[in-house]
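A short worksheet on the structure shown next.
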Amino acid sequence: MDDETPDDDILIRDYLQGDSLALARLWLRYDRLVYGLAHGIVCSREAAEDIRQEVFLKIYAQLQQLREPAKFASWLRSITYNTCKSWLRHQKFIDAFELSIDADQPSDSTEPDLILREQRTLLRQIIDRLPEDYRTVVELHYFEEQPVAEIARFLDLPETTIKWRLHRARETLQRTARINGYLE
């Protein structure tokens, strides 16, 4: 959270008093965190985008019911998590290795571009196989570029826990890459 943006509870109070920009500021503050958490859980870019939109619609509709505005981040995390779990329950077939890279699209890419795309695909497949706790922090830190402190605040965990999960995830990714012959 930057020094110039008011705390969540102040933004919520301002929004409830008619300042529609306050809600936009909350949205901007948490947009990448919600997307990262959703993607970490559902392993699908398209689904994470849909879930992000659904979560913010729920927030918009239910914000007046929030009893403790200072706990907005925890409330938002719970709504995101529950929305993801609901999405997963309603899916008949979930392919954990499905990637939203435009692999089906015809391409005039050069060989180095194809190799890079293949490497990214393989990396994403390995990341998607991580346990949810590791996958979520990897998604938030490396793909959504969130600092450890912000991830810790959003997930309501100590920074040391986030650092440990990132460390264990990196170890797991390296081990899996070696086992599969991607690293020597």
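The values are calculated or read from the model by the stated rules, or taken from the named source; none is laboratory data. Because the structure is a prediction, the values reported are computed rather than measured. No Cβ is skipped: glycine too gets one built from the backbone with ideal geometry, and neighbour counts run over all protein chains shown.
Residues considered: 101, 115, 94. Of these, the only one that is part of a helix (DSSP H, G or I), outside the structural domain of residue 57 (by TED's automatic domain parsing) and modelled with pLDDT under 85 is 115. Residues in region 7-55 that are farther than 14 Å from residue 77 by Cα, of a type in the set (Val, Ile, Thr) and modelled with pLDDT of 90 or more: 10, 12. Of the residues making up region 132-142, those that are surrounded by fewer than 16 Cβ atoms within 10 Å (Cβ to Cβ) and closer than 17 Å to residue 44 by Cβ number 1.
Restricting attention to region 21-43 and to residues that are surrounded by fewer than 22 Cβ atoms within 10 Å (Cβ to Cβ) and in contact with an Asp or Glu (Cβ under 6 Å, 6 or more places away or on another chain), the residue that is nearest to residue 8 (Cα to Cα) turns out to be 22. Checked against the criterion of being more than 22 Å from residue 127 (Cα to Cα), touching a residue at least 40 places away in the same chain (Cβ under 8 Å) and not in a helix (DSSP H, G or I), region 2-23 contains one or more residues that satisfy it. Comparison of 58, 85 shows that the only residue that is part of a helix (DSSP H, G or I), in the same structural domain as residue 15 (by TED's automatic domain parsing), modelled with pLDDT under 90 and among the charged types (D, E, K, R) is 85.
Taking into account only those residues within region 118-137 that are of a type in the set (A, V, I, L, M), at pLDDT below 90 and assigned to a helix (DSSP H, G or I), which is farthest from the chain's Cα centre (by Cα)? The qualifying residue farthest from the chain's Cα centre (by Cα) is 122.
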